[in-house]
Amino acid sequence: MPLIKSTSKKAFGKNVKAELAAGRPLKQSLAIAYSEKRSAAKNKPSAREHSAHTSEMASAYEKSVAHTRQDLTPARKSRRITKGKL
């Protein structure tokens with residue numbers, strides 16, 4: 001049975017049980033399960049990479065929204081109130 005490639009505790013436990021059921025010693029089962037956990041962590045993007053990608057997408061979205069907002073808002077004339085004139 002193929003092992004679960006995940007970093008969760010539940011998947012780790014299932015991998016250990018699967019290896020023990022296959023007749024492997026406990027230490028070897030743990031080593032194999034830790035190896036699967038490490039390989040799954042390598043494929044997972046880090047928090048820094050994820051946040052960089054998210055901020056890039058957010059800034060691109062903000063630029064597109066700002067462009068459409070300018071097209072939809074009516075032009076406003078600024079009014080100044082000076083002393084003596086109302």
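The values are calculated or read from the model by the stated rules, or taken from the named source; none is laboratory data. Only a predicted model underlies this, so the values are computations on that prediction, with no experimental measurement involved. Cβ coordinates were reconstructed from backbone atoms using ideal geometry, including for glycine residues, and neighbour counts include every protein chain displayed.
What are the pairs with Cβ atoms under 7 angstrom where one residue, in region 11-28, is aromatic (Phe, Trp, Tyr) and the other, located anywhere, is buried (at least 16 other Cβ atoms within 10 Å of the Cβ)? Sequence gap at least six, or different chains.
Short answer, once both residue conditions are applied: Phe12/Ala33; Phe12/Lys37.
Check whether at least one residue in region 64-83 is at pLDDT below 90, of a type in the set (A, V, I, L, M, F, W, C) and in a loop (DSSP other than H, G, I, E, B), and report yes or no. Quick ask: steps written out before the conclusion?
Narrowing region 64-83 to residues at pLDDT below 90: 64-83.
Among the residues that remain, those that are also of a type in the set (A, V, I, L, M, F, W, C) are: 65-66, 72, 75, 81.
Pick out the ones that are also in a loop (DSSP other than H, G, I, E, B) and you get 75, 81.
Yes.
Of everything in region 9-27, what is surrounded by 13 or more Cβ atoms within 10 Å (Cβ to Cβ) and assigned to a helix (DSSP H, G or I)? Give them in sequence order.
Step one: of region 9-27, the residues surrounded by 13 or more Cβ atoms within 10 Å (Cβ to Cβ) are 11-12, 14-16, 18-20, 24.
Ala11, Phe12, Lys14, Asn15, Val16, Ala18, Glu19, Leu20, listed by residue number.
If Ser6 satisfies every condition in (1) modelled with pLDDT of 90 or more; (2) among the small types (Gly, Ala, Ser); (3) part of a helix (DSSP H, G or I) but one, which is the exception?
Every listed condition holds for Ser6 apart from (3).
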